[in-house]
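To start, the structure itself, in structure tokens.
Every read-out reported here was derived from the displayed coordinates using simple, explicitly stated rules and does not represent laboratory data. Just so you know, these numbers come straight off a predicted model, no measurement behind them. Note that each Cβ is placed from the backbone with ideal geometry, even for glycine, and that neighbours are counted across all protein chains shown.
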Amino acid sequence: MADDGRRRNVSMDFSVSIPSAAAASMLVDKENTSDDRISIIIPHSRSPSSKILPLGFQRNEAPSDHSPARPVSAKRVALALTKKVAAELLGTFLLVFTVLSALITNEAHGGALGVLGVAVAGGTAVVVVVSSIFHVSGGHVNPAVSVAMAVFGHLPPAHLALYAAAQLLGSVAASFVAKALYAGPANLLGPTVATVPSVGASQAFWVEFITTFVVLFVVTALATDPKAVKEMVAVGAGAAVMMSALISGESTGASMNPARTLGTAIATGTYTKIWVYMVAPPLGAIAGCGAYHALK
């Protein structure tokens with residue numbers, strides 16, 4: 001689940017590295033550009049030839065010496081964002097459907113999975129989903145994660161609404177698919193899959209806040225710190241979710257995800273104390289992300 005802004009995306013990088021010995025010979029050339037964009041001629045430190053980089057060129061897709069520099073087009077930017085949003089929708093669908101299936105199966109078979117089994121299913125789903133789409137969208141699959149990433153500069157604010165909408169749509173779709181697929185135990189669907197706290201609203205709020213704090217502290221450490229091992233993001237996130245689910249499964253349903261709660265609420269018509277799940281996870285996510293940034 002993690003840092004969308006640090007990967008190859010729509011951002012422009014206007015920085016150029018100029019060797020100190022050749023800094024005085026930097027020239028601005030406008031005659032060689034057909035679109036009137038200013039180009040910077042930078043003497044190469046190992047060769048007498050010069051590199052010409054038009055301003056506005058995306059450096060993380062720099063061309064080879066045999067291909068001309070191309071500016072990033074609006075079409076390419078839109079396509080990249082569409083892929084990210086689609087990845088969040090599909091990832092959230094898979095995550096929520098897995099969790100709901102585990103909950104319904106557990107209830108239909110007299111608690112065969114137990115709290116541990118459901119927690120393992122949820123944690124494993126996070127590992128699988130985040131591993132699959134982390135390189136595409138960051139693998140948030142949770143509006144609380146996206147909010148925290150946007151607050152601390154790891155997700156462009158303009159992308160936040162699209163991410164959250166995709167995550168909610170994925171959760172709603174997963175909830176209705178589960179409702180149709182498990183039509184047999186339909187009488188169990190509402191109380192089984194909806195995140196209704198078995199404790200008071202105040203206690204439920206702090207349980208959701210703390211568990212989401214833990215998850216985002218781990219995710220921020222692994223996904224945004226250059227010193228971290230990025231390959232461990234999915235495993236760390238899944239382990240944190242599983243641990244938090246073991247802690248809060250019996251008291252709040254271990255949501256930690258506003259989209260997961262709202263999607264099943266819409267499918268089942270169960271909105272009991274739903275404000276807890278809309279407020280506590282985003283605040284806990286911001287606090288967890290901020291806590292790690294404060295420690296760096």
Counting Lys and Arg as +1 and Asp and Glu as -1, what is the net charge of the other residues whose Cβ lies under 14 Å from the Cβ of residue 250? -2
Can you work out ³J(HN,Hα) from phi for every residue in segment 229-237, in order, using Karplus 6.51 cos²θ - 1.76 cosθ + 1.60 and θ = phi - 60°, giving whole Hz and x for Gly and Pro? 8, 4, 5, 8, 4, 5, 5, x, 5
How much length is gained on full extension from residue 295 to residue 86, taking 0.36 nm per residue of separation minus their Cα-Cα distance? 71.9 nm
Note the count of lysine pairs whose C-alpha atoms are less than 24 angstrom apart in segment 75-295, limited to pairs 8 or more residues apart or on different chains. 5
Simple SL model, points at 7 angstrom along Cα→Cβ for residue 180 and residue 109; separation in nm is 2.5 nm
